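Presented below is the structure to which this report refers.
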Amino acid sequence: MAWYLYLAAIAAGFLCGFINTLAGSGSLVTLPTLLFMGLPANVANGTNRIGVALQSAVATGSFRQQGVLNLRQGLGLVVPTALGSLVGAHIALNIDEQMMRRTIGALMVVMLIVMLVEPKRWLEGRSGGVRPLDWKLAALFFAIGVYGGFIQVGVGVLLLAGLVLGAGYDLVRANGVKVLIVLFQSLAALIVFVLNDQVVWSIGLVMALGTMPGAWVAARMAVKRGAGFVRWILVAVVSVAALHLLGLFDLIFRLF
């Protein structure tokens with residue numbers, strides 16, 4: 001494989017790690033890059049999890065060091081999400097993703113409206129503090145885990161929505177819990193893809209050379225700049241992800 005493709009993988013990884021840590025949907029960058037490098041779609045989907053897992057480990061450590069991550073609270077949500085991810089990864093081995101992508105794209109449009117209409121909810125979190133884990137919250141994060149195991153694109157955005165609107169976090173603390181959840185969720189999915197020979201370690205580890213520093217920079221920026229900054233990043237990312245998942249990018253390109 002040409003040397004410049006490895007440089008492209010590192011650059012795409014950095015952007016992915018940065019976007020994923022601040023918001024989500026960074027895999028919109030890495031998955032097309034992996035496909036361009038010649039990987040089949042299912043193998044690209046599995047290989048992508050290496051960089052996501054390692055970037056999440058770096059971001060988790062950074063948020064923890066900066067005092068905005070409560071491990072005890074976060075680990076309660078890790079279990080249902082990771083279990084859902086195992087289910088989703090098995091589904092991804094044999095099913096067409098088109099319908100799920102359209103459904104999630106429509107959901108992101110709804111989320112975008114909520115973020116613009118009710119900004120205070122995202123900036124300040126739930127009055128009365130974080131909601132304790134119950135079966136409804138566990139079921140929500142299990143469902144998000146199923147999607148994340150199926151295809152990584154957009155799972156960070158869904159987790160942020162669940163953490164802010166469901167569990168009651170503000171955006172900065174939600175980001176800290178999100179990367180902790182994604183760490184275990186992506187590892188669970190990676191195990192399934194590895195067992196089914198759908199991972200190319202050499203390319204995945206090269207891409208991780210970009211995702212890890214990208215995650216570190218974004219984690220520091222999120223805490224320094226605050227929830228208002230993260231919210232606008234999230235609005236931008238959700239807008240792009242919704243257009244992509246609904247297939248509107250292709251329509252725009254055909255028009256112009």
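General observations
- The simple spin-label model puts a point 7 Å past each Cα toward its Cβ; for TYR4 and VAL79 those points are separated by 5.2 nm.
- With θ taken as phi - 60° and the Karplus curve 6.51 cos²θ - 1.76 cosθ + 1.60 applied, the whole-hertz 3J(HN,Hα) list for the stretch 132-143 is x, 5, 9, 5, 5, 5, 4, 5, 4, 6, 4, 5 Hz, x standing for glycine and proline.
- Neighbour counts of other Cβ atoms within 10 Å put PHE184, PHE63 in the fewest-to-most order PHE184, PHE63.
- As a proxy for reagent exposure, LEU93, LEU31 were ordered by neighbouring Cβ count within 10 angstrom, fewest first; the result is LEU93, LEU31.
- Taking other Cβ atoms within 10 Å as a rough exposure proxy, TRP3, TRP201, TRP216, TRP232 sort from fewest to most as TRP3, TRP201, TRP232, TRP216.
- Modelled spin-label separation between LEU133 and GLN65, with each label point placed 7 Å from Cα along the Cα-to-Cβ direction: 2.7 nm.
- Each peptide in 131-142, 155-166, 186-197 receives the mean, over its residues, of other Cβ atoms within 10 Å, and ordering these scores from highest gives 155-166, 186-197, 131-142.
- The stretch 154-173 and the stretch 1-74 have Cα centres spaced 19 Å apart.
- Extension gain (nm, one decimal) between LEU195 and ALA236, 0.36 nm per residue minus Cα-Cα: 11.2 nm
Just so you know, all these numbers are worked out from the coordinates, no wet-lab data involved. Since this is a predicted model, take the numbers as computed values, not measurements. In this analysis, Cβ positions are derived from the backbone assuming ideal geometry, glycine residues included, and neighbour counts consider all displayed protein chains.
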